[in-house]
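Here's the structure, in C-alpha coordinates; my notes come after.
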Amino acid sequence: MNDKLPPMLNTPFFMRNFSLLLFVCFLLFFSCSPPQPTHPKYIFFFIGDGFGVGALTYGENMAREKGDTLCFSQFPVTGLVTTHSANNLVTCSAAAATALACGMKTNNYMLGMAPDSVQMLLPISKIVHNQGYQVGMATSVSIDHATPAGFYAHSVSRTNYYQVAKQILTSGFEFFAGAGFLNPEPKDSIPIFTLLNKNNYAVATSIEQCLKSKSLKNIIIQPPQKDAKQFPYAIYKDRNDFTLPQITQLGITKLSLSGKPFFFMIEGGLIDWAAHDNLPKELYGEIKEFSEAIKVAWNFYNKYPKETLIVAVADHETGGVYISSEGIHFTTDQHSGNIVPVFALGVGAENFSGLFDNTQIWTKILKQKKCNF
Ligand SMILES: [Zn+2]
(Lines give C-alpha, C1' and ligand atoms only; values in the text may rest on other atoms or scores of the structure.)
Protein backbone atom coordinates (compact mmCIF):
# COMPACT_ATOMS: atom_id res chain seq x y z
CA MET A 1 0.00 0.00 0.00
CA ASN A 2 2.90 2.33 0.83
CA ASP A 3 4.15 1.69 -2.69
CA LYS A 4 1.37 3.94 -4.03
CA LEU A 5 2.49 6.97 -2.01
CA PRO A 6 4.74 9.55 -3.70
CA PRO A 7 8.41 8.88 -2.91
CA MET A 8 8.79 12.02 -0.71
CA LEU A 9 5.96 11.01 1.63
CA ASN A 10 7.27 7.50 1.81
CA THR A 11 10.59 8.54 3.32
CA PRO A 12 11.51 7.89 6.94
CA PHE A 13 12.63 11.56 7.16
CA PHE A 14 9.04 12.84 6.68
CA MET A 15 7.63 10.34 9.18
CA ARG A 16 10.19 11.35 11.78
CA ASN A 17 9.54 15.07 11.32
CA PHE A 18 5.79 15.09 10.87
CA SER A 19 5.06 16.50 14.32
CA LEU A 20 7.74 19.18 13.83
CA LEU A 21 6.08 20.18 10.55
CA LEU A 22 2.70 20.45 12.26
CA PHE A 23 4.24 22.65 14.94
CA VAL A 24 5.80 24.98 12.33
CA CYS A 25 2.42 25.25 10.51
CA PHE A 26 0.75 26.07 13.81
CA LEU A 27 3.28 28.85 14.51
CA LEU A 28 2.96 30.25 10.97
CA PHE A 29 -0.83 30.29 11.19
CA PHE A 30 -0.92 32.25 14.42
CA SER A 31 1.85 34.68 13.49
CA CYS A 32 -0.04 35.54 10.26
CA SER A 33 -3.52 36.00 11.80
CA PRO A 34 -4.48 39.55 12.80
CA PRO A 35 -4.13 40.20 16.55
CA GLN A 36 -7.37 39.90 18.46
CA PRO A 37 -8.74 43.22 19.78
CA THR A 38 -7.87 43.73 23.41
CA HIS A 39 -10.44 46.46 23.97
CA PRO A 40 -13.94 46.12 25.41
CA LYS A 41 -16.81 44.75 23.33
CA TYR A 42 -19.02 47.80 23.90
CA ILE A 43 -17.36 51.22 24.01
CA PHE A 44 -19.22 54.44 24.80
CA PHE A 45 -17.25 57.62 24.21
CA PHE A 46 -19.16 60.63 25.57
CA ILE A 47 -17.85 64.11 24.83
CA GLY A 48 -19.25 67.10 26.72
CA ASP A 49 -18.24 69.90 24.36
CA GLY A 50 -16.84 72.75 26.44
CA PHE A 51 -17.67 70.97 29.70
CA GLY A 52 -14.88 72.13 32.00
CA VAL A 53 -14.41 71.92 35.75
CA GLY A 54 -16.25 75.23 36.34
CA ALA A 55 -19.35 74.05 34.45
CA LEU A 56 -19.08 70.70 36.24
CA THR A 57 -19.08 72.48 39.62
CA TYR A 58 -22.05 74.59 38.51
CA GLY A 59 -23.90 71.49 37.28
CA GLU A 60 -23.28 69.64 40.54
CA ASN A 61 -24.41 72.65 42.59
CA MET A 62 -27.62 73.00 40.56
CA ALA A 63 -28.35 69.26 40.74
CA ARG A 64 -27.73 69.21 44.49
CA GLU A 65 -30.18 72.13 45.00
CA LYS A 66 -32.81 69.93 43.34
CA GLY A 67 -31.86 66.94 45.51
CA ASP A 68 -30.24 65.32 42.47
CA THR A 69 -26.74 64.55 41.20
CA LEU A 70 -25.07 64.20 37.81
CA CYS A 71 -24.86 60.52 36.99
CA PHE A 72 -21.24 60.40 35.86
CA SER A 73 -20.15 61.95 39.19
CA GLN A 74 -20.93 58.49 40.57
CA PHE A 75 -18.46 56.77 38.22
CA PRO A 76 -15.65 55.02 40.12
CA VAL A 77 -12.79 56.64 38.18
CA THR A 78 -12.14 60.36 37.61
CA GLY A 79 -9.15 61.98 35.93
CA LEU A 80 -7.98 65.26 34.45
CA VAL A 81 -7.05 65.89 30.84
CA THR A 82 -4.87 68.55 29.16
CA THR A 83 -6.38 69.97 25.97
CA HIS A 84 -3.90 72.26 24.13
CA SER A 85 -3.67 71.80 20.36
CA ALA A 86 -0.49 71.53 18.26
CA ASN A 87 -0.37 75.29 17.61
CA ASN A 88 -2.30 76.87 20.49
CA LEU A 89 -2.70 76.60 24.26
CA VAL A 90 -6.42 76.98 23.60
CA THR A 91 -7.83 74.30 21.35
CA CYS A 92 -10.83 74.45 19.05
CA SER A 93 -13.23 71.51 18.85
CA ALA A 94 -11.73 70.23 15.58
CA ALA A 95 -8.17 69.87 16.93
CA ALA A 96 -9.57 68.48 20.20
CA ALA A 97 -11.71 65.91 18.36
CA THR A 98 -8.65 64.91 16.32
CA ALA A 99 -6.60 64.44 19.51
CA LEU A 100 -9.35 62.39 21.14
CA ALA A 101 -10.19 60.35 18.03
CA CYS A 102 -6.73 59.90 16.49
CA GLY A 103 -4.36 60.21 19.47
CA MET A 104 -2.35 62.98 17.80
CA LYS A 105 -2.21 66.76 18.18
CA THR A 106 -3.06 68.90 15.22
CA ASN A 107 -3.57 72.61 14.53
CA ASN A 108 -6.83 74.37 15.34
CA TYR A 109 -9.52 74.04 12.64
CA MET A 110 -8.00 70.84 11.22
CA LEU A 111 -9.83 67.50 11.30
CA GLY A 112 -8.20 64.07 11.23
CA MET A 113 -4.99 65.43 9.66
CA ALA A 114 -1.50 66.06 10.97
CA PRO A 115 -0.29 69.68 11.24
CA ASP A 116 1.61 69.23 7.93
CA SER A 117 -1.83 69.23 6.18
CA VAL A 118 -0.80 66.08 4.29
CA GLN A 119 -0.76 63.09 6.61
CA MET A 120 -4.19 61.64 7.31
CA LEU A 121 -4.68 60.26 10.82
CA LEU A 122 -6.51 57.09 11.70
CA PRO A 123 -9.39 57.57 14.16
CA ILE A 124 -10.23 55.00 16.80
CA SER A 125 -13.69 54.64 15.23
CA LYS A 126 -12.14 53.41 11.94
CA ILE A 127 -9.70 51.10 13.71
CA VAL A 128 -12.46 49.29 15.56
CA HIS A 129 -14.75 49.37 12.49
CA ASN A 130 -12.02 47.50 10.58
CA GLN A 131 -12.04 44.94 13.40
CA GLY A 132 -15.75 44.26 12.93
CA TYR A 133 -17.26 46.76 15.36
CA GLN A 134 -20.46 48.59 14.47
CA VAL A 135 -19.85 52.34 14.80
CA GLY A 136 -22.27 55.12 15.72
CA MET A 137 -22.07 58.91 16.13
CA ALA A 138 -24.69 61.04 17.88
CA THR A 139 -24.70 64.76 18.63
CA SER A 140 -27.08 67.54 19.63
CA VAL A 141 -25.62 69.75 16.87
CA SER A 142 -25.14 69.05 13.15
CA ILE A 143 -23.61 65.72 12.10
CA ASP A 144 -20.92 67.51 10.08
CA HIS A 145 -19.82 69.60 13.08
CA ALA A 146 -16.23 69.38 14.34
CA THR A 147 -16.57 66.85 17.16
CA PRO A 148 -18.36 64.01 15.33
CA ALA A 149 -16.43 64.89 12.14
CA GLY A 150 -13.14 64.20 13.94
CA PHE A 151 -14.22 60.56 14.17
CA TYR A 152 -15.03 60.01 10.48
CA ALA A 153 -13.52 62.79 8.33
CA HIS A 154 -10.22 64.31 7.24
CA SER A 155 -10.12 67.96 6.29
CA VAL A 156 -7.70 70.86 6.54
CA SER A 157 -10.66 72.99 7.60
CA ARG A 158 -13.60 72.07 9.81
CA THR A 159 -15.81 74.46 7.79
CA ASN A 160 -15.65 72.36 4.58
CA TYR A 161 -19.05 71.01 5.67
CA TYR A 162 -20.02 69.35 2.39
CA GLN A 163 -16.63 67.66 1.98
CA VAL A 164 -16.82 66.53 5.59
CA ALA A 165 -20.38 65.16 5.23
CA LYS A 166 -19.40 63.26 2.07
CA GLN A 167 -16.92 61.27 4.13
CA ILE A 168 -19.81 59.57 5.91
CA LEU A 169 -20.04 57.48 2.74
CA THR A 170 -16.43 56.31 2.89
CA SER A 171 -16.62 55.73 6.65
CA GLY A 172 -19.29 53.07 6.20
CA PHE A 173 -20.29 53.66 9.84
CA GLU A 174 -23.68 52.26 10.72
CA PHE A 175 -25.42 55.03 12.68
CA PHE A 176 -25.41 58.84 12.67
CA ALA A 177 -27.78 61.08 14.64
CA GLY A 178 -27.88 64.85 14.92
CA ALA A 179 -29.66 68.06 13.97
CA GLY A 180 -28.92 67.91 10.22
CA PHE A 181 -26.29 69.03 7.71
CA LEU A 182 -24.96 72.58 7.38
CA ASN A 183 -24.30 72.59 3.62
CA PRO A 184 -26.19 69.62 2.12
CA GLU A 185 -26.64 71.00 -1.43
CA PRO A 186 -23.80 73.28 -2.56
CA LYS A 187 -24.05 74.70 -6.09
CA ASP A 188 -22.91 72.30 -8.84
CA SER A 189 -22.60 69.39 -6.39
CA ILE A 190 -24.71 66.30 -5.86
CA PRO A 191 -26.99 66.81 -2.81
CA ILE A 192 -25.70 64.95 0.22
CA PHE A 193 -29.04 63.17 0.66
CA THR A 194 -28.82 61.75 -2.88
CA LEU A 195 -25.33 60.45 -2.15
CA LEU A 196 -26.43 58.94 1.17
CA ASN A 197 -29.39 57.16 -0.45
CA LYS A 198 -27.17 55.82 -3.25
CA ASN A 199 -24.84 54.40 -0.61
CA ASN A 200 -27.60 52.57 1.27
CA TYR A 201 -27.97 55.04 4.13
CA ALA A 202 -31.62 55.32 5.21
CA VAL A 203 -32.30 58.88 6.38
CA ALA A 204 -35.12 59.21 8.94
CA THR A 205 -36.61 62.31 10.52
CA SER A 206 -38.41 60.58 13.39
CA ILE A 207 -37.43 57.97 15.96
CA GLU A 208 -40.25 55.65 14.79
CA GLN A 209 -39.13 55.89 11.16
CA CYS A 210 -35.56 55.05 12.12
CA LEU A 211 -36.67 52.13 14.32
CA LYS A 212 -38.71 50.70 11.43
CA SER A 213 -35.86 51.04 8.92
CA LYS A 214 -34.48 47.69 7.74
CA SER A 215 -31.32 49.30 6.38
CA LEU A 216 -27.99 48.30 7.91
CA LYS A 217 -26.86 51.95 7.83
CA ASN A 218 -29.08 54.62 9.36
CA ILE A 219 -29.05 58.37 9.80
CA ILE A 220 -31.55 60.37 11.81
CA ILE A 221 -31.84 64.15 11.59
CA GLN A 222 -34.48 66.68 12.59
CA PRO A 223 -37.38 67.26 10.15
CA PRO A 224 -36.72 69.96 7.50
CA GLN A 225 -38.76 72.66 9.30
CA LYS A 226 -36.34 72.45 12.26
CA ASP A 227 -32.88 74.01 12.57
CA ALA A 228 -30.23 71.83 10.89
CA LYS A 229 -27.60 73.44 13.13
CA GLN A 230 -28.80 72.25 16.52
CA PHE A 231 -31.48 70.61 18.62
CA PRO A 232 -33.42 73.24 20.60
CA TYR A 233 -31.86 73.85 23.99
CA ALA A 234 -33.18 71.28 26.47
CA ILE A 235 -35.10 73.87 28.49
CA TYR A 236 -37.05 75.01 25.39
CA LYS A 237 -37.84 71.59 23.91
CA ASP A 238 -41.35 70.46 23.02
CA ARG A 239 -42.29 66.80 23.12
CA ASN A 240 -41.48 66.26 19.43
CA ASP A 241 -37.91 67.45 19.69
CA PHE A 242 -35.14 64.88 19.87
CA THR A 243 -33.16 64.60 23.08
CA LEU A 244 -29.64 63.26 23.59
CA PRO A 245 -30.90 60.36 25.80
CA GLN A 246 -33.41 59.42 23.06
CA ILE A 247 -30.85 59.25 20.28
CA THR A 248 -28.42 57.46 22.60
CA GLN A 249 -31.05 54.78 23.22
CA LEU A 250 -31.89 54.66 19.52
CA GLY A 251 -28.21 54.22 18.64
CA ILE A 252 -27.81 51.41 21.15
CA THR A 253 -30.87 49.67 19.70
CA LYS A 254 -29.60 49.96 16.13
CA LEU A 255 -25.96 49.09 16.89
CA SER A 256 -26.98 46.08 19.02
CA LEU A 257 -29.19 44.46 16.37
CA SER A 258 -26.42 42.40 14.76
CA GLY A 259 -24.96 41.18 18.07
CA LYS A 260 -21.55 42.52 16.98
CA PRO A 261 -19.40 44.70 19.25
CA PHE A 262 -19.92 48.45 18.92
CA PHE A 263 -18.24 51.82 19.41
CA PHE A 264 -20.58 54.73 20.05
CA MET A 265 -19.50 58.40 20.29
CA ILE A 266 -22.11 60.73 21.78
CA GLU A 267 -21.54 64.49 21.96
CA GLY A 268 -23.31 67.01 24.17
CA GLY A 269 -22.58 69.77 21.65
CA LEU A 270 -24.84 72.45 23.12
CA ILE A 271 -23.00 72.62 26.45
CA ASP A 272 -20.36 74.53 24.47
CA TRP A 273 -22.87 76.79 22.72
CA ALA A 274 -24.66 77.78 25.95
CA ALA A 275 -21.27 78.56 27.53
CA HIS A 276 -20.17 80.64 24.49
CA ASP A 277 -23.35 82.69 24.92
CA ASN A 278 -22.90 82.84 28.72
CA LEU A 279 -26.40 81.39 29.32
CA PRO A 280 -26.49 79.67 32.75
CA LYS A 281 -30.02 78.17 32.57
CA GLU A 282 -29.48 76.79 29.09
CA LEU A 283 -26.07 75.49 30.19
CA TYR A 284 -27.52 73.55 33.10
CA GLY A 285 -30.28 72.12 30.87
CA GLU A 286 -27.60 70.79 28.50
CA ILE A 287 -25.43 69.40 31.31
CA LYS A 288 -28.46 67.59 32.71
CA GLU A 289 -29.41 66.17 29.31
CA PHE A 290 -25.80 65.01 28.80
CA SER A 291 -25.97 63.30 32.20
CA GLU A 292 -29.26 61.60 31.25
CA ALA A 293 -27.73 60.32 28.00
CA ILE A 294 -24.88 58.81 30.03
CA LYS A 295 -27.50 57.24 32.31
CA VAL A 296 -28.89 55.41 29.26
CA ALA A 297 -25.42 53.97 28.62
CA TRP A 298 -25.10 53.11 32.31
CA ASN A 299 -28.31 51.05 32.08
CA PHE A 300 -26.72 49.19 29.16
CA TYR A 301 -23.54 48.72 31.21
CA ASN A 302 -25.59 47.15 34.04
CA LYS A 303 -26.64 44.41 31.58
CA TYR A 304 -23.09 43.80 30.25
CA PRO A 305 -20.73 45.01 33.00
CA LYS A 306 -17.86 42.71 31.97
CA GLU A 307 -17.95 43.83 28.34
CA THR A 308 -18.66 47.57 28.51
CA LEU A 309 -16.51 50.67 28.92
CA ILE A 310 -18.02 54.15 29.31
CA VAL A 311 -15.70 57.15 29.05
CA ALA A 312 -17.08 60.68 29.46
CA VAL A 313 -14.68 63.55 28.78
CA ALA A 314 -14.71 67.19 27.73
CA ASP A 315 -12.86 68.31 24.59
CA HIS A 316 -12.00 71.69 26.19
CA GLU A 317 -13.42 74.30 28.57
CA THR A 318 -15.71 77.06 27.32
CA GLY A 319 -16.66 80.35 28.97
CA GLY A 320 -13.86 80.51 31.56
CA VAL A 321 -16.48 79.50 34.12
CA TYR A 322 -15.85 80.00 37.82
CA ILE A 323 -18.08 79.84 40.86
CA SER A 324 -18.28 82.59 43.49
CA SER A 325 -20.61 82.89 46.50
CA GLU A 326 -23.09 84.55 44.10
CA GLY A 327 -23.06 81.57 41.73
CA ILE A 328 -21.76 81.07 38.19
CA HIS A 329 -19.60 83.61 36.33
CA PHE A 330 -18.28 83.57 32.79
CA THR A 331 -14.98 85.30 32.11
CA THR A 332 -15.03 84.91 28.31
CA ASP A 333 -17.31 83.97 25.42
CA GLN A 334 -14.50 81.83 23.98
CA HIS A 335 -12.74 78.60 24.93
CA SER A 336 -10.09 78.56 27.63
CA GLY A 337 -6.98 76.39 27.89
CA ASN A 338 -8.00 74.88 31.25
CA ILE A 339 -7.66 71.19 31.93
CA VAL A 340 -10.93 69.26 31.85
CA PRO A 341 -12.41 66.27 33.71
CA VAL A 342 -12.79 62.68 32.49
CA PHE A 343 -14.98 59.99 34.06
CA ALA A 344 -14.85 56.24 33.41
CA LEU A 345 -16.84 53.16 34.28
CA GLY A 346 -16.41 49.52 33.25
CA VAL A 347 -13.72 47.43 31.60
CA GLY A 348 -10.38 49.29 31.75
CA ALA A 349 -11.86 52.28 33.61
CA GLU A 350 -8.92 52.19 36.04
CA ASN A 351 -6.64 53.49 33.25
CA PHE A 352 -8.37 56.88 33.28
CA SER A 353 -7.27 58.16 36.71
CA GLY A 354 -4.64 60.88 37.15
CA LEU A 355 -3.65 63.76 34.91
CA PHE A 356 -2.86 62.96 31.28
CA ASP A 357 -3.00 64.44 27.80
CA ASN A 358 -6.08 64.17 25.59
CA THR A 359 -4.05 62.18 23.01
CA GLN A 360 -3.67 59.36 25.56
CA ILE A 361 -7.39 58.57 25.70
CA TRP A 362 -7.05 56.92 22.27
CA THR A 363 -4.32 54.62 23.60
CA LYS A 364 -6.09 53.95 26.88
CA ILE A 365 -9.14 52.65 25.01
CA LEU A 366 -7.25 50.71 22.37
CA LYS A 367 -4.20 49.63 24.40
CA GLN A 368 -2.29 49.21 21.18
CA LYS A 369 0.36 51.09 19.24
CA LYS A 370 -0.48 54.10 17.11
CA CYS A 371 -0.50 53.61 13.36
CA ASN A 372 -1.23 55.75 10.32
CA PHE A 373 -2.53 54.99 6.87
ZN1 LIG B 1 -16.87 76.09 21.17
Condition broken by Gln131, with the remaining ones in (1) under 19 Å from Phe175 (Cβ atoms); (2) modelled with pLDDT of 95 or more satisfied: (2)
Selection count where residues are within 16 Å of the ligand (Cβ to nearest atom), in a loop (DSSP other than H, G, I, E, B) and either free of Cβ contacts under 8 Å to residues at least 24 places away in the same chain or over 16 Å from Gly320 (Cα atoms) (or both), scope segment 39-92: 2
Selection status of Gly259, free of Cβ contacts under 8 Å to residues at least 12 places away in the same chain, within 21 Å of Cys210 (Cβ to Cβ) and not polar (S, T, N, Q): yes
Residue list for segment 96-113, filter: within 12 Å of the chain's Cα centre (by Cα) and not in a helix (DSSP H, G or I): none
Those residues of segment 155-209 which are touching a residue at least 40 places away in the same chain (Cβ under 8 Å) and either part of a strand (DSSP E or B) or of a type in the set (Lys, Arg) (or both), in sequence order: Ser155, Arg158, Phe175, Phe176, Ala177
Residue match in segment 42-62 (condition: at pLDDT below 95 and under 29 Å from Ala146 (Cα atoms)): no
Residue list for segment 236-256, restricted to those being in contact (Cβ under 8 Å) with a residue 60 or more places away in the chain and within 30 Å of His335 (Cα to Cα): Phe242, Leu244, Ile247, Thr248, Gly251
Residue in segment 290-303 that is touching a Lys or Arg at 6+ places or on another chain (Cβ under 9 Å) and more than 15 Å from the ligand (Cβ to nearest atom) present: no
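Conditions tested, residue by residue: (1) farther than 23 Å from Gly251 by Cα; (2) surrounded by 24 or more Cβ atoms within 10 Å (Cβ to Cβ); (3) not small (Gly, Ala, Ser).
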| site | (1), (2), (3) |
| --- | --- |
| Gly48 | no, yes, no |
| Gly59 | yes, yes, no |
| Asp68 | yes, no, yes |
| Thr91 | yes, yes, yes |
| Ala101 | no, yes, no |
| Asn107 | yes, no, yes |
| Gly136 | no, yes, no |
| Val141 | no, yes, yes |
| His145 | no, yes, yes |
Strands (runs of 3 or more DSSP E) enclosed by segment 285-373 - at least 3 residues per element that are surrounded by 15 or more Cβ atoms within 10 Å (Cβ to Cβ): 308-314, 340-346
Failed condition for Tyr133, given (1) in contact with a Lys or Arg (Cβ under 7 Å, 6 or more places away or on another chain); (2) more than 19 Å from Phe262 (Cβ to Cβ): (2)
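The values are calculated or read from the model by the stated rules, or taken from the named source; none is laboratory data. Because the structure is a prediction, the values reported are computed rather than measured. Glycine gets a Cβ as well: all are built from the backbone with ideal geometry, and neighbour counts include every protein chain shown.
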